[in-house]
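Below: the structure, in structure tokens.
The values are calculated or read from the model by the stated rules, or taken from the named source; none is laboratory data. Here the structure is a predicted model, which is why all the values come from computation and not from measurement. Cβ placement follows ideal geometry from the backbone for every residue including glycine, while neighbour counts extend to all protein chains displayed.
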């Protein structure tokens, strides 16, 4: 019996609904004195923490990354003399929100006065692992289908699987793959006295891709 060996790759991707979102937020205050700016910043953080606590289990975690206070200056006159313009306090942080609770939590957060600069969507670790397993199986099946196509093209019959590996392990070629975290670039802040109970936000999907390499035996007669 004449046999040949063929090498193929398999690839697959699928989209999955996110489990949670991360809202990257910030807020800025101006005050005539350093103490005033610091007080404003601390008060804003306290309001933010109270709001998160009031939202409840929909918010998984609040992380206040920094409260920066610095003096600002204007350049006055033809000689551009630098004069103090007061002080500014800048807050940065992020909030982890369950995907189903994002519309309500988003509205509540911007009602405190913060600006949400970016919204990213993610899978929980267990969900991501299960999704990766499912897509990897699809990639293996795709490799098998490609190998069978080669065998039929040669007028033979697909034989035993000889090797199966992640990209690059069976040869010099490499193929991309992995998880893509969906990102929404959004800028939202409280700009008027009107208050909405929710913000109509469509969650993005998480795209997971997988690639494999395989070699098969082909029976030619």
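The condition of being over 30 Å from residue 10 (Cβ atoms), surrounded by fewer than 12 Cβ atoms within 10 Å (Cβ to Cβ) and modelled with pLDDT under 95 holds for only one of 71, 101, 83, that being 83.
On inspection, residue 134 fails the criterion of being touching a helix residue (DSSP H, G or I) at 6+ places or on another chain (Cβ under 6 Å) and modelled with pLDDT of 90 or more. Is it fair to say residue 139 is modelled with pLDDT of 95 or more, closer than 11 Å to residue 216 by Cβ, in the same structural domain as residue 13 (by TED's automatic domain parsing) and out of contact with any helix residue (DSSP H, G or I) (no Cβ under 7 Å at 6 or more places or on another chain)? Taking the combined requirement at face value, the residue does not satisfy it. Any residue at all in region 48-60 that's touching a residue at least 12 places away in the same chain (Cβ under 8 Å) and in a strand (DSSP E or B)? Yes: region 48-60 contains one or more residues that are touching a residue at least 12 places away in the same chain (Cβ under 8 Å) and in a strand (DSSP E or B).
Just one of the listed residues (41, 10) is farther than 16 Å from residue 115 by Cα, in contact (Cβ under 8 Å) with a residue 12 or more places away in the chain and crowded, with 17+ Cβ neighbours inside 10 Å, namely 10. Checking region 131-143 against the condition returns no match, with no residue being assigned to a strand (DSSP E or B), surrounded by 13 or more Cβ atoms within 10 Å (Cβ to Cβ) and in contact (Cβ under 8 Å) with a residue 12 or more places away in the chain.
Would you mind stating whether residue 10 is part of a strand (DSSP E or B) and in the same structural domain as residue 150 (by TED's automatic domain parsing)? The answer is yes for residue 10.
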